[in-house]
Amino acid sequence: MRQIRTFSVVAAAVVFSLCAAPLQAQPVGGIDGAAAAAEPIVDAAQRAVAVNDALNALPANAHIAIIMPSAAEASRKVLMLSEALTLPLPIMGDPLQEMKRELGITAGMDDNGPVVVYFDFAADVGGWDPPFVLLMPATDYAAFVGNFQGDANAEVAELDMPGGGFARKVGRFAAMSPHRELIEQLKPANNAKGVIGRLEARTAKALAGNDVSVMVDFAALRPMMEGPLEEMLAEAEQELDREREFDDMPPALRKYIRPLFSLFRDVSRAFVAESELATAGLSASELGLALNSSAHFKGDGSFAKFLAGPGRDTDLFKALPAEGYIMAVSNDARAMKFDMLFTKLRELFPAAEFGELTKMIDSVEALVKTNDHTVMGYYLPAGAPELGVPPQLKTLGVTRATDPKAHLAAMQQMIASLNEWKLDIPDPEADPEAGEMMTFKIDSTYTPAQREVEGVAVDMYKIDVILPDRLQEEMQFMMDAGDMAMLNTALHQTGLLATVDGHVLVVDQDNETLLASAIRTLRAGDGLGANDAVAQMRDTFDKGGAGEILFDLTGMMKFVDHTFQAQGMGGLMMMEGEPIPPIAARYFVDKGHVTKQVMMPMPTLAYTVTSGRQIMGMFMMMQMQRQQQWEQEWEDEQWEDDDFEDDPDAF
């Protein structure tokens, strides 16, 4: 048996062996896979009891907790998927049984019970081991501590294990730690009801459904966070008072420093004062791998008022063309109280001093007020990759507007306001006393009814960032064609806008083909959201929601392939076969609770593993080629040095 050196490594072995489970999913054919999931070792009711017991066992000062409702269930899932995806495991056989063999646990453990690790960062324990306690499920406490020659009759049992350890019976658990004081001071809060009461209903349900969950108690951490935050803010404010860091900054930029610091200070203080809990969890099923996360704030604070919710899901994905998409994002602007943000910005940036920014804020606020729902689609570039020119994604936005004319007017106002942005900075190569300046400015235009597409009047906008002439000349000399192409794309933006049936469509390039496709798709309602695989993925989530993300991994791999080819590195061997469903996510906002659900379908997970191996192989091959090139260059240099010594006149 290999010897484990410290108690921390013992805990790490437990967490690794069992927490690895949710990083894989069960070996099934996919969202429509015919293979049936194996029967769970523990049912939903048992998992709920296990999580309740785990939460009750935690003390009030458990700042971070890792909870697994069933050790055996987690072990089963890691084994099943490692076989299905041919993932190499560092151990052979059942992970749980291998872990028990490694640690010498032969009796007393409840394999089906929950495993918990919590950290108490307020404890002054000294040494190298972190301040943690491991709660292991025990059917027979005496037999369990007997695995480590511990005395079950002792108030705190001393364990014979590498690095030393201590244990005590706590309900159904054997509480273990390398720190005796943590075991002695452990007082279960018996507050599962209180913890769950601070969570939104979706998160409370997810804790029992997850194979592993991590919970961060910000309310318990708050006393430890407030002091360091105020010290950091005070030091930053002292630096602002000295203004040494900003002496060389142009006045037009320097005036933004203090308002931005004030915004950062207020948001930081509010976050520390109002944060309650945050969670993240993973679970596996026959559909694939599900991830969920959440953040919870005090119900009477500014975050809760801003994150008012509830938000609505959308049918607008049907308006996005499905062909060539990489990612699609939806957002319900009404799920959050953006008027609070605009009020705060106007307070920090008064119009008398920040007129150019105030106009921008006004136009953005008008856009938000007329926005009922928005979806954004990101698409592969058309055509073959051009050597030396990195590919650029195409972007399409579809907004269901409460007042399309007002929405377009706000867009026009925002683009026009950019013309007022101008920045003069001293020319570093000119005589300082001459006062010569380098001018950066924005030139923007908006042309209504510039053309017609699919019988619809189309507006066009152009936004050009104008750099000083000398700077442009230097950049052309120093940058290669690919970098210049990327820079020009960033500095010179052209877009098309159209209004169709109460919707505003925006394409971020002069791309008539994409706009025409979007108009036809919107009218027909046969776009991405009508795809069966997409619809099935969306049905896995709870109803409602303030926003969604659909991510097509095959599309992303094609984009990576284009990028490799553009850089002359050769393309990927794209895998053929049935289309795989997207990775999907939905987030919810409700009175200070923000929760997010993510689903990675089984076929997509398998594709990820295979594609990852291929990309890693390509990078390793590139590294080998570079190494050979360096070695050849070194040999050539040595040859030149030898020849120079033999015949200096030849050089």
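The values are calculated or read from the model by the stated rules, or taken from the named source; none is laboratory data. The structure presented is a predicted model; accordingly, all values stated were derived computationally and were not measured. Don't worry about glycine lacking a Cβ; one is built from the backbone with ideal geometry, like all the others, and counts go over all protein chains shown. What goes into the accessible areas is simple: the full protein's heavy atoms, side chains included, and nothing from ligands, DNA or RNA. Shrake-Rupley method; radii C 1.70, N 1.55, O 1.52, S 1.80 Å.
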**OP:** Starting from region 316-337, keep only residues that are free of Cβ contacts under 8 Å to residues at least 60 places away in the same chain and farther than 15 Å from VAL504 by Cα, then list their pairs with residues that are of a type outside the set (Phe, Trp, Tyr) and assigned to a loop (DSSP other than H, G, I, E, B) whose Cβ atoms are within a distance under 7 Å, requiring at least 6 positions of separation or different chains.
**Re:** LYS337/ALA308
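Condition check ((1) under 22 Å from ALA62 (Cα atoms); (2) under 36 Å from the mean Cα position of the chain (by Cα)) across all residues:
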{"position": "ASN153", "(1), (2)": "no, no"}
{"position": "VAL156", "(1), (2)": "yes, no"}
{"position": "GLY163", "(1), (2)": "no, no"}
{"position": "ALA174", "(1), (2)": "yes, yes"}
{"position": "LEU182", "(1), (2)": "yes, yes"}
{"position": "LYS193", "(1), (2)": "yes, yes"}
{"position": "LEU207", "(1), (2)": "yes, yes"}
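Quick one: in region 267-291, which of the residues that are assigned to a helix (DSSP H, G or I) and touching a residue at least 24 places away in the same chain (Cβ under 8 Å) is surrounded by the most Cβ atoms within 10 Å (Cβ to Cβ)?
Among them, the one singled out is GLU274.
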Original post:
Mind checking whether some residue in region 413-432 is in contact with a strand residue (DSSP E or B) (Cβ under 7 Å, 6 or more places away or on another chain), of a type in the set (D, E, K, R), over 30 Å from THR499 (Cβ atoms) and open to solvent by less than 50 Å² (accessible area, probe 1.4 Å)?
Top reply: yes
Subject >> Residue that is modelled with the lowest pLDDT [pool: residues in region 330-346 that are touching a strand residue (DSSP E or B) at 6+ places or on another chain (Cβ under 8 Å) and not aliphatic (A, V, I, L, M)] >> reply: ARG334
Original post:
How many residues does region 618-629 contain that are modelled with pLDDT under 70 and open to solvent by less than 90 Å² (accessible area, probe 1.4 Å)?
Top reply: 2
**OP:** Keeping to region 292-315, report how many residues are polar (S, T, N, Q) and free of Cβ contacts under 8 Å to residues at least 24 places away in the same chain.
**Re:** 0
**OP:** Could you grab me the full set of residues in region 182-210 that are charged (D, E, K, R) and either open to solvent by less than 40 Å² (accessible area, probe 1.4 Å) or in contact (Cβ under 8 Å) with a residue 12 or more places away in the chain (or both)?
**Re:** GLU184, LYS187, ARG198, GLU200, ARG202
Original post:
Being in contact with a helix residue (DSSP H, G or I) (Cβ under 7 Å, 6 or more places away or on another chain) and of a type in the set (D, E, K, R), is that true of even one residue in region 147-163?
Top reply: no
Subject >> Filter result for PRO581 (surrounded by 15 or more Cβ atoms within 10 Å (Cβ to Cβ), in a helix (DSSP H, G or I) and modelled with pLDDT of 70 or more) >> reply: no
Original post:
Taking into account only those residues within region 450-494 that are in contact with a strand residue (DSSP E or B) (Cβ under 6 Å, 6 or more places away or on another chain) and open to solvent by 70 Å² or more (accessible area, probe 1.4 Å), which is nearest to LEU418 (Cα to Cα)?
Top reply: LYS462
Original post:
Limited to region 126-150, what total is found for residues that are over 24 Å from VAL212 (Cα atoms), in a loop (DSSP other than H, G, I, E, B) and open to solvent by less than 30 Å² (accessible area, probe 1.4 Å)?
Top reply: 3
Subject >> Counted residues, region 536-576 - those being modelled with pLDDT of 85 or more, more than 30 Å from ASP483 (Cβ to Cβ) and of a type in the set (D, E, K, R) >> reply: 5
Subject >> Subset of region 511-543 that is open to solvent by less than 20 Å² (accessible area, probe 1.4 Å) and not in a helix (DSSP H, G or I) - its residue that is farthest from THR203 (Cα to Cα) >> reply: GLY527
**OP:** Restrict the check to region 387-408 and report whether at least one residue is at pLDDT below 95, open to solvent by less than 30 Å² (accessible area, probe 1.4 Å) and more than 25 Å from ASP510 (Cα to Cα).
**Re:** no
Original post:
Any residue in region 367-377 that is modelled with pLDDT of 95 or more and of a type in the set (Gly, Ala, Ser)?
Top reply: yes
Original post:
Could you count how many residues in region 218-266 are without any contact (Cβ under 8 Å) to a residue 12 or more places away in the chain, open to solvent by 90 Å² or more (accessible area, probe 1.4 Å), closer than 21 Å to LYS344 by Cα and not hydrophobic (A, V, I, L, M, F, W, C)?
Top reply: 0
Subject >> Pairs with Cβ under 6 Å, 6+ apart, first in region 475-503 and closer than 18 Å to ALA319 by Cβ and modelled with pLDDT of 75 or more, second surrounded by 13 or more Cβ atoms within 10 Å (Cβ to Cβ) and of a type in the set (D, E, K, R) >> reply: GLY495/ASP508; LEU497/ASP459; HIS503/ARG400
Subject >> Subset of region 173-208 (residues that are farther than 16 Å from VAL117 by Cβ and assigned to a loop (DSSP other than H, G, I, E, B)) >> reply: LYS187, ALA189, ASN190, ASN191, ARG198, LEU199, GLU200
**OP:** Could you tell me whether LYS169 is among the basic types (Lys, Arg) and under 34 Å from the mean Cα position of the chain (by Cα)?
**Re:** no
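Every residue, every condition in (1) touching a Phe, Trp or Tyr at 6+ places or on another chain (Cβ under 7 Å); (2) at positive phi, yes or no:
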{"position": "PHE132", "(1), (2)": "yes, no"}
{"position": "THR139", "(1), (2)": "no, no"}
{"position": "GLY163", "(1), (2)": "yes, yes"}
{"position": "ALA167", "(1), (2)": "no, no"}
{"position": "GLY171", "(1), (2)": "no, yes"}
{"position": "GLY209", "(1), (2)": "no, no"}
{"position": "VAL212", "(1), (2)": "no, no"}
